[in-house]
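The next block holds one structure in the form of structure tokens; read it before the comments.
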Amino acid sequence: MKFFLDTADLDEIKEAASWGAISGVTTNPSLYAKIGGKLSNFEEHIGKICELVDGPVSAETIKMTKDEIVEDARRLSRIAPNVVVKIPTMVEGLAATHQLLQEGIPVNMTLCFSVTQAILAARSGARYISPFVGRFDDISENGLNQLEDVVAAIQNYSFPSVNGEEVEIIAASLRSPNHVAQAALMGADIATVPFNVLKQCVQHPLTDRGLERFLEDWKKVEQA
Ligand code: E4P
């Protein structure tokens, strides 16, 4: 499973990239707003992210009709060769994705919450599908079960996208290392994680305790 970083924060991206940990980045309007992003700087900011990451960078459209989405997607895809256009899973989004497939523009279909949405997204030619986990948990449903169903359904078939590459599932809206671990066990292709969750994924209390003991014992070796 690959890791994408779910953020628009350049410092977080630089740090995670220095670990060799991330294969891409996903952004959304909320994440851009969170870093105090301005509309006039949006394209420039996405361009900076694309320079920092050797992999796909999802930039989301906020347009609502097919023609507007297609036009916006063309504009976003001109920012850098590694831009992937993030489009919500809705009728207009499917139609736009189908059009963009003919133009070789890769799409990440976002806000996916069901098996049927995922299959239709794949059928329309999406390069990535992003089933959300945490937002199910937010409404007291089991997001991991939903993700498992989507992974199983998509793996039953072959869904070629741009350049004949197979659709990949991005487990999204992940809020904990357990979400990440379960996504890997299910066979999700990618986990997109906020920086704090990525850091938590590196940590384990037994690693800390073991390190403490090694350091203490090494002092004894030096004194002998
Ligand atoms: C995915 O691409 C989304 O940007 C993200 O994972 C949503 O996460 P949230 O539900 O924590 O906002």
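The values are calculated or read from the model by the stated rules, or taken from the named source; none is laboratory data. As the structure is a prediction and not an experimental result, all values here were calculated from the model. Heads up, the Cβs are rebuilt from the backbone with ideal geometry, glycines too, and the neighbour counts pull from every protein chain shown.
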Residues of region 173-190 being of a type outside the set (S, T, N, Q) and closer than 21 Å to Tyr32 by Cβ, which ones?
-> Leu174, Arg175, Ile190
Taking region 125-150, which residues are within 13 Å of the ligand (Cβ to nearest atom), small (Gly, Ala, Ser) and free of Cβ contacts under 8 Å to residues at least 40 places away in the same chain?
-> Gly143
Counting only residues that are within 16 Å of the ligand (Cβ to nearest atom) and not small (Gly, Ala, Ser), region 51-81 contains a total of 7
Find the residue count for region 158-190, including only residues that are of a type in the set (Ser, Thr, Tyr), away from the ligand (no atom under 15 Å from the Cβ) and surrounded by fewer than 18 Cβ atoms within 10 Å (Cβ to Cβ).
-> 1
Got a sec? Which of Ala153, Ala122 is out of contact with any strand residue (DSSP E or B) (no Cβ under 9 Å at 6 or more places or on another chain) and away from the ligand (no atom under 16 Å from the Cβ)?
-> Ala153
Over region 17-33, the set of residues within 10 Å of the ligand (Cβ to nearest atom) and of a type outside the set (A, V, I, L, M) is Thr26, Thr27, Asn28, Pro29, Ser30
Can you tell me which residue within region 1-15, out of those that are touching a residue at least 24 places away in the same chain (Cβ under 8 Å) and over 18 Å from Ser173 (Cα atoms), is surrounded by the most Cβ atoms within 10 Å (Cβ to Cβ)?
-> Glu15
Enumeration of residues in region 24-37 that are more than 14 Å from Pro194 (Cα to Cα) and surrounded by 14 or more Cβ atoms within 10 Å (Cβ to Cβ) | Pro29, Gly37
When region 146-193 is examined, which residues are found to be hydrophobic (A, V, I, L, M, F, W, C) and in a strand (DSSP E or B)?
-> Ile169, Ile170, Ala171, Ala172, Ile190, Ala191, Val193
Which of (1) polar (S, T, N, Q); (2) more than 16 Å from the chain's Cα centre (by Cα); (3) within 30 Å of Pro106 (Cβ to Cβ) does Asn196 not meet, given it meets every other one?
-> (2)
Among the candidates Val133, Val162, residue that is touching a His at 6+ places or on another chain (Cβ under 7 Å) and at pLDDT 95 or above | Val133
Please verify whether region 47-65 includes one or more residues that are surrounded by fewer than 18 Cβ atoms within 10 Å (Cβ to Cβ) and either of a type in the set (Phe, Trp, Tyr) or touching a residue at least 60 places away in the same chain (Cβ under 8 Å) (or both).
-> no
